[in-house]
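The values are calculated or read from the model by the stated rules, or taken from the named source; none is laboratory data. Given the structure is predicted, the values throughout are model-derived calculations rather than measurements. Glycine gets a Cβ as well: all are built from the backbone with ideal geometry, and neighbour counts include every protein chain shown. Side chains are part of the model used for accessible areas, which takes the heavy atoms of the whole protein and leaves out ligands, DNA and RNA. Shrake-Rupley method; radii C 1.70, N 1.55, O 1.52, S 1.80 Å.
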Amino acid sequence: MQKLPRHRPSRKYPNAKRIILECDLDTCPACGSVLTPRQPWHMRKTFQSLNGPVFVAGKSKECTNRSCRNYSKHYYASRVWLLSLPNSTYGLDVLAFIGWQHEHEHRQLVEIQRELNQRGVAINERNVGKLYRQFLALLSASSQEAQENLAATAAQYGGLIWALDALQPEDHGTLLYVLYEVLSGRPIAAMQREHVTEQELVEWLQSYTELPFPVLATLSDGEVTLIAALKASWPEAPHQRCQAHFLNNLAEAVLDYDDQLRKSMRQDLGGLPAVPERVSDDPVPPF
Ligand SMILES: [Zn+2]
């Protein structure tokens, strides 16, 4: 029997919030030349966040210094993967919400599903469970595959760039700290806490400082604890600041929901469509 190709969901989100992210780097970490922006998006997709649908696209830059080892290599807007993990149609804020509600509030997956539906996130119980497992995998980190990706990236670019960001998906003070590697553009590990000190972050990062790869730079927003932890962990690597707190901005609109809206949404969300198993991120063909 012929196997039918898996197809993307037919949901359309004409009013999705649009986020276009640039590559965080201004200069080539290998040679120091100013990077040249590339026009095409290197990825784009639409996903569901706690605040409604989001369309995100990432742009890249390249080194145009012919004598650089990274000549013509692309540097990507890796933070797109912080908004929503690769191959996912849900925001990382949704995963963090599920994780917190299940682990700390001890709510059943079906209760969490109802709450998400009330917030306008179309999801069934089976997929709540799947996202929960994805979240646990992110928290436990350090898979063999991740290690191999880091080794390949270090070989390709001559080293790694570590970045740290903090996502506050809810207004109860819980933060999701995400460590990601900029050049490969992949989240590597996450930690969900109400509050962490610099020392706790340093301890969490220690196993990554022991990896046998050169570190070209570290990256974070201007948050003092994050910068201090990165500088303490990789004292030899220059630190760069990236645009501030774009993740937290995603969570703000949640506070705008009022009871009236919740009630009307509850009535509107009677029959939800099943959520597809897995979709590919939409690759953008080269122009
Ligand atoms: Zn260069």
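Taking amide H atoms as placed 1.01 Å from N in the peptide plane, the amide H of SER49 lies under 5 Å from those of VAL54, GLY91, each 5 or more residues away in sequence or on another chain. Charge dipole (Cα centre; +1 on Lys/Arg Cβ, -1 on Asp/Glu Cβ; no other charges) of segment 8-92 amounts to roughly 360 debye. Mean separation of Cα pairs under 8 Å and 6 or more residues apart, divided by the residue count, gives segment 123-195 a relative contact order of 28 percent.
Rolling a 1.4 Å probe across all protein chains gives GLU203 an accessible area of roughly 110 Å². The Cα-based radius of gyration and maximum Cα-Cα distance (Dmax) for segment 65-202 are 17.0, 58 Å. Overall, the accessible surface of segment 112-193 at a probe of 1.4 angstrom is composed of carbon and sulfur to the extent of 46 percent.
Plugging the Kirkwood radius over Cα pairs into Stokes-Einstein for segment 1-146, at a temperature of 25 °C and a viscosity of 0.890 mPa s, what D comes out in µm²/s?
140 µm²/s
Sorting 14-27, 117-130 by average packing, meaning the other beta carbons within 10 Å per residue, from highest down gives 117-130, 14-27.
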